[in-house]
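The values are calculated or read from the model by the stated rules, or taken from the named source; none is laboratory data. All of these numbers come straight from a predicted model, not from anything done at the bench. Neighbour counts are summed over all protein chains in view; Cβ atoms, including those assigned to glycine, are modelled from backbone coordinates with ideal geometry. SASA here: full protein model, heavy atoms, side chains in, ligands and nucleic acids out. Shrake-Rupley method; radii C 1.70, N 1.55, O 1.52, S 1.80 Å.
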Amino acid sequence: MFYNILLHAHSGLRWIVLILLLAAIVTAFRKWQAHDEYTPGDNKLYLFALIATHTQFLIGLILYFISPKVPLGTGVDFGSIMRESIYRFYTVEHIAGMLIAVVLITIGRSKSRRLSGPIQKHRTVFVFFGLGLLVILASIPWPSRIPGAGWF
C-alpha cells in the first residue's frame with residue numbers, strides 16, 4: 001500500500017518537475033537574451049523548480065529501497081541484475097541519471113545566487129537547469145523504452 005502511494009506520487013510529481021524546469025529554463029533563456037533583471041519572481045520560480053526536483057528525488061530514493069524493481073538485498077547477485085535490462089535500468093541507470101540531474105540543478109541554483117549580474121544569473125540557470133532536464137528526460141522510464149512503465 002505505502003509503495004503504491006509513493007509510486008503514484010513519484011509518477012505524478014514528475015510532470016510538475018518537468019513543467020517547473022521547463023518554465024525556469026524558458027524564463028532564464030528569455031531574460032538572459034533580453035538582458036532583463038533578475039526579479040523576486042524569477043528567484044521563486046527557480047527555487048520552486050529546485051524544491052520540486054529535490055522532493056521528487058527523495059521520494060525516488062525511498063522507492064529505490066522498497067521497490068521490487070530494485071532487487072538489492074534479496075540475495076540476487078549484482079551480475080544477474082546487470083544482465084536484466086529492467087533491473088539494471090532501475091537499480092543503476094535511473095538513479096544515477098537522476099542523481100546527476102539533481103546535482104546539476106542544485107549547482108546551477110547555488111551558483112546563480114552567488115553571481116552579481118542578472119545576465120550571468122539567468123545564463124547559469126539556463127545552462128545547469130537545461131543540462132539537468134536533458135539528463136532527467138534521458139533517465140525517465142518512458143513507456144516506449146521500459147516495458148510496464150506508464151505515463152502516470
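Where the accessible area of the chain is counted over protein heavy atoms with a 1.4 Å probe, how much of it, in %, is carbon and sulfur?
Details: 5930 of 8500 Å².
That fraction is 70 percent.
What nm distance separates the two modelled labels at Val26 and Ile119, each placed 7 Å from Cα along Cα→Cβ?
The answer from the label model is 2.5 nm.
Within the P(r) computed for the chain, what percentage of the Cα pairs occupies the region above 27 Å?
On the way: 3440 of 11476 pairs.
More than 27 Å apart: 30 percent of the Cα pairs in the chain.
Among the aspartates and glutamates, which have Cα under 14 Å from the Cα of Lys121 when same-chain residues fewer than 8 positions away are ignored?
The qualifying aspartates and glutamates are Asp36, Glu37, Asp42.
Rolling a 1.4 angstrom probe over the protein heavy atoms, how many square angstrom per residue are accessible across the chain? Walk me through the numbers on the way to the answer.
Working: 8500 Å² over 152 residues.
Value returned for the chain: 56 Å² of accessible area per residue.
Using a 7 Å offset from Cα along Cα-Cβ at Leu61, what residues in region 78-117 end up with backbone N under 18 Å from the label point?
91-110
Once you charge only the Cβ atoms, +1 for Lys and Arg and -1 for Asp and Glu, what is the size of the charge dipole of the chain about its Cα centre, to the nearest 20 debye?
Details: 14 positive and 6 negative charges, 74 e Å.
Dipole magnitude for the chain comes out near 360 debye.
Determine the dipole magnitude for region 89-152: charges of +1 sit on the beta-carbon of Lys and Arg, -1 on that of Asp and Glu, nothing else is charged, the reference point is the Cα centre, and the result goes in debye to the nearest 20.
Details: 7 positive and 1 negative charges, 90 e Å.
For this selection, approximately 440 debye.
Angle check, please: helix 94-114 long axis (alpha carbons) against the longest principal axis of the chain (alpha carbons), in degrees 0 to 90, nearest 10.
Between the helix axis and the principal axis of the chain, the angle is about 20 degrees.
In degrees between 0 and 90, to the nearest 10, how far off the longest principal axis of the chain does helix 40-66 point, with axes built from Cα atoms?
The angle comes out at about 10 degrees.
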